[in-house]
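The values are calculated or read from the model by the stated rules, or taken from the named source; none is laboratory data. Since the structure is predicted, the reported quantities are computational estimates derived from the model, not experimental observations. When we count neighbours, we look across all protein chains shown, and the Cβ atoms used for this are built from the backbone with ideal geometry, even at glycine. We work out accessible area using only protein heavy atoms, side chains counted, and drop any ligands, DNA or RNA first. Shrake-Rupley method; radii C 1.70, N 1.55, O 1.52, S 1.80 Å.
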Amino acid sequence: MTVSSTPPCSPSCAGGFLQPGTFIDTNVAVAALSAHGSEEQQAKILPALIAGEAAAAWAVADPAGDWSGARGVTCEAAPGGGYRLAGRKGLVLEAQSAQWLLLTAAGPEGLAQFLLPTGTPGLTVEVLSGLDLSRRLCEVRLDDVLLDESALLGPPGAAADAVGTQLQLAGVLSAAETAGAMQYLFDLTVQYCKDRIAFGRPIGSFQAIKHQLADSSLALEMSHAVVSAAARAVQENSAGAAHAASMTKAFVSDAAVELAHNCWQHFGGIAYTWEHDFHFYLRRLTADASLYGSPTWHRERVCQLAGL
């Protein structure tokens, strides 16, 4: 048996590197601040986020995985002015290391968004055990947290459209990162099928393996194509951007898990070991499928956007 000791190519993207941290969430927070932040918020917080000197986590989903922002945390007017927040948010990436928290809460007037320091009194962050070993998922709990008016982003109760736009951005960025991890894992698998010798020939020369690799290649190329189309739609703020983002997130998430399991079969027993990197990619792709809306959640969202 001959096995290559080096990967077929260097990872050239965040997905290929399995980048940890709050890259997507920080970009969502920057977009939210740029569009809806006050002059004081933009002057105080934006430069550090853009420069990478501070990070933001996005607390929009409830612990059960609803990403609409309408569940988990409620807000109401505080007697002395400002707002009182209570409840829980789940599936928050790397909140334990972020300096800021972009949080969505449901109030009497509708959805509201707040940007608050993660050290705010009454706010606790619990790091959860998760499948993806390269990142940390957290649950954020708010026990009668008091915030003044300066923490509010935009008018109170008018954040529904902003959250929808942020979901588009997060969905496309997540799908692009997933496609990058898919590409690296597929390239690694192809190289292994060239290097692994069985019965005197590379296993990649066997017809059954060729067929599976061709199917995986098709899923990969389709993922790249839909990500590019969705990114263009979101960037141009076209009429179908919300549909494109949700359909892309659902398609790429399903394709990624299927590709990972197909590639797993070609590696055989070595892919089951801790010593091989394969499990890191399988974990990342599986976890990414549930973040920023699962495929089922996004398909339901497409139906809602179509009025069904």
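Below are the figures for this structure:
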{"read-out": "Residues within the range 81-92 that are touching a residue at least 60 places away in the same chain (Cβ under 8 Å) and surrounded by fewer than 24 Cβ atoms within 10 Å (Cβ to Cβ), tallied", "value": "4"}
{"read-out": "Which listed residue, of ALA55, ALA43, ALA77, is among the hydrophobic types (A, V, I, L, M, F, W, C), closer than 21 Å to LEU167 by Cα and either surrounded by fewer than 17 Cβ atoms within 10 Å (Cβ to Cβ) or touching a residue at least 24 places away in the same chain (Cβ under 8 Å) (or both)", "value": "ALA55"}
{"read-out": "Residue count, the range 172-183 (criterion: crowded, with 23+ Cβ neighbours inside 10 Å and either closer than 19 Å to ASP132 by Cβ or touching a strand residue (DSSP E or B) at 6+ places or on another chain (Cβ under 9 Å) (or both))", "value": "7"}
{"read-out": "Selected residue (only one of SER217, SER294 is of a type in the set (Ser, Thr, Tyr) and without any contact (Cβ under 8 Å) to a residue 60 or more places away in the chain)", "value": "SER217"}
{"read-out": "Meets criteria (β-branched (Val, Ile, Thr), over 23 Å from GLN41 (Cβ atoms), open to solvent by 60 Å² or more (accessible area, probe 1.4 Å) and within 23 Å of the chain's Cα centre (by Cα)) for THR124", "value": "yes"}
{"read-out": "Criterion: under 27 Å from LEU305 (Cα atoms) and free of Cβ contacts under 8 Å to residues at least 40 places away in the same chain - qualifying residue of SER246, SER238, SER253", "value": "SER238"}
{"read-out": "Unique residue being in contact (Cβ under 8 Å) with a residue 40 or more places away in the chain and loosely packed, with under 14 Cβ neighbours inside 10 Å when the list is ILE203, ILE197", "value": "ILE197"}
{"read-out": "Tally of residues being farther than 21 Å from PRO20 by Cα, open to solvent by 20 Å² or more (accessible area, probe 1.4 Å) and touching a residue at least 24 places away in the same chain (Cβ under 8 Å) across the range 96-119", "value": "6"}
